[in-house]
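> There's a structure below that I have some questions on.
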Amino acid sequence: MKSEEAIGRVAFPIVVSGASGAGKTTLCHELIAGDERITFSVSATTRPARGAEKHGEDYFFVSDEEFGRMRAGGELVEWAEVHNKFYGTPRAYMDGRIAEGVSVLLDIDVQGGVQIMEAYPEAVSIFVVTPSMEILEERLRNRRSDSEESIEVRLKNAIGELEYIQKYTYIVVNDTVEAAVSRMAGIVSAERSKRSRLFKGITWRDFVGL
């Protein structure tokens, strides 16, 4: 049926951001595990591969010179420098997967998220929050992997990150993983059913098979 074909080709970038400790990475992994039509974005990076990481699967490992060429040539949707190494999202990878009907999920900081949304106005943007700042602090402390100084810095940074919340279309409260993932899946499902996405390049007659 034409409708099935149209629904099957609906894909878009999914930008997921949130303060450190909000649990967005766990939610992203769970969302992808339950939906074969969503995949993680694969970034280009100048850092060397670690352990069993594979080129083209975990990252696109490139030289400083190649990264600079990609950046200058407009081949990166967004990029950032972290610990003297560069990371960026290749436009060709994003566009290729979306053309295949696979949505590309980016678990990304707010600055990078805004860059993605500017490059792809059709992107679905989700900001993950905890039920309260007290719970965010509790989760950071329960990880038992950060010093007191580090926790204080993360909490301070969280306020700055929350300033970007108004730029995101959807807010998901991560009270429990199961409930939050269900909300995210519902957002994706609703976005796939939007008329503006389904009728892109076709008419309603095409859609229903007339």
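The values are calculated or read from the model by the stated rules, or taken from the named source; none is laboratory data. All figures in this text were calculated on a predicted structure; none of them were measured in a lab. Every residue, glycine among them, receives a Cβ derived from its backbone with ideal geometry; neighbour counts consider all protein chains shown.
> List pairs: first residue in segment 13-35 and farther than 13 Å from residue 124 by Cβ and touching a residue at least 12 places away in the same chain (Cβ under 8 Å), second residue assigned to a loop (DSSP other than H, G, I, E, B) and among the β-branched types (Val, Ile, Thr) anywhere in the structure, Cβ distance under 7 angstrom, at least six positions apart or on different chains.
22/130
> Filter the strands (runs of 3 or more DSSP E) completely within segment 1-95 down to those with at least 2 residues that are within 18 Å of residue 188 (Cα to Cα) and not β-branched (Val, Ile, Thr).
Values: elements: 13-18, 38-40, 43-45, 59-61, 76-82, 85-90.
Counting at least 2 such residues, we get 13-18.
> So if I check each of 163, 152, 138, which one is free of Cβ contacts under 8 Å to residues at least 60 places away in the same chain, under 17 Å from residue 26 (Cβ atoms) and of a type in the set (Asp, Glu)? Give the steps one after another, and end with the answer.
Values: 163 fails: under 17 Å from residue 26 (Cβ atoms); 152 fails: under 17 Å from residue 26 (Cβ atoms).
Of the residues listed, the single one that is free of Cβ contacts under 8 Å to residues at least 60 places away in the same chain, under 17 Å from residue 26 (Cβ atoms) and of a type in the set (Asp, Glu) is 138.
> Quick test for you: out of 209, 101, 113, pick the one residue that is surrounded by 16 or more Cβ atoms within 10 Å (Cβ to Cβ) and touching a residue at least 12 places away in the same chain (Cβ under 8 Å).
Details: 209 fails: surrounded by 16 or more Cβ atoms within 10 Å (Cβ to Cβ); 101 fails: surrounded by 16 or more Cβ atoms within 10 Å (Cβ to Cβ).
So the residue among 209, 101, 113 that is surrounded by 16 or more Cβ atoms within 10 Å (Cβ to Cβ) and touching a residue at least 12 places away in the same chain (Cβ under 8 Å) is 113.
> While we're looking at this one, here's another question. Looking at residue 182 and the list (1) in contact with an Asp or Glu (Cβ under 7 Å, 6 or more places away or on another chain); (2) within 24 Å of residue 36 (Cβ to Cβ), which single condition is not satisfied?
(1)
> Another question about this same structure. Suppose we filter segment 71-111 for residues that are among the small types (Gly, Ala, Ser) and at positive phi; how many remain? Can you show your working first?
Residues of segment 71-111 among the small types (Gly, Ala, Ser): 72-74, 80, 88, 92, 96, 99, 101, 103.
Cutting the leftovers down to at positive phi gives us 74, 101.
Here the count works out to 2.
> Can you tell which of 137, 122 is out of contact with any Gly (no Cβ under 7 Å at 6 or more places or on another chain) and either under 21 Å from residue 155 (Cα atoms) or part of a strand (DSSP E or B) (or both)? Spell out the reasoning first.
On the way: 122 fails: either under 21 Å from residue 155 (Cα atoms) or part of a strand (DSSP E or B) (or both).
Of the residues listed, the single one that is out of contact with any Gly (no Cβ under 7 Å at 6 or more places or on another chain) and either under 21 Å from residue 155 (Cα atoms) or part of a strand (DSSP E or B) (or both) is 137.
> Inside segment 188-207, can you point out the residues that are under 21 Å from residue 31 (Cα atoms), basic (Lys, Arg) and in a loop (DSSP other than H, G, I, E, B)?
194
> Can you go through 55, 29 and tell me which one is modelled with pLDDT under 95 and surrounded by fewer than 19 Cβ atoms within 10 Å (Cβ to Cβ)? Steps first, please.
Numbers: 29 fails: modelled with pLDDT under 95.
Being modelled with pLDDT under 95 and surrounded by fewer than 19 Cβ atoms within 10 Å (Cβ to Cβ) holds for just one of 55, 29, which is 55.
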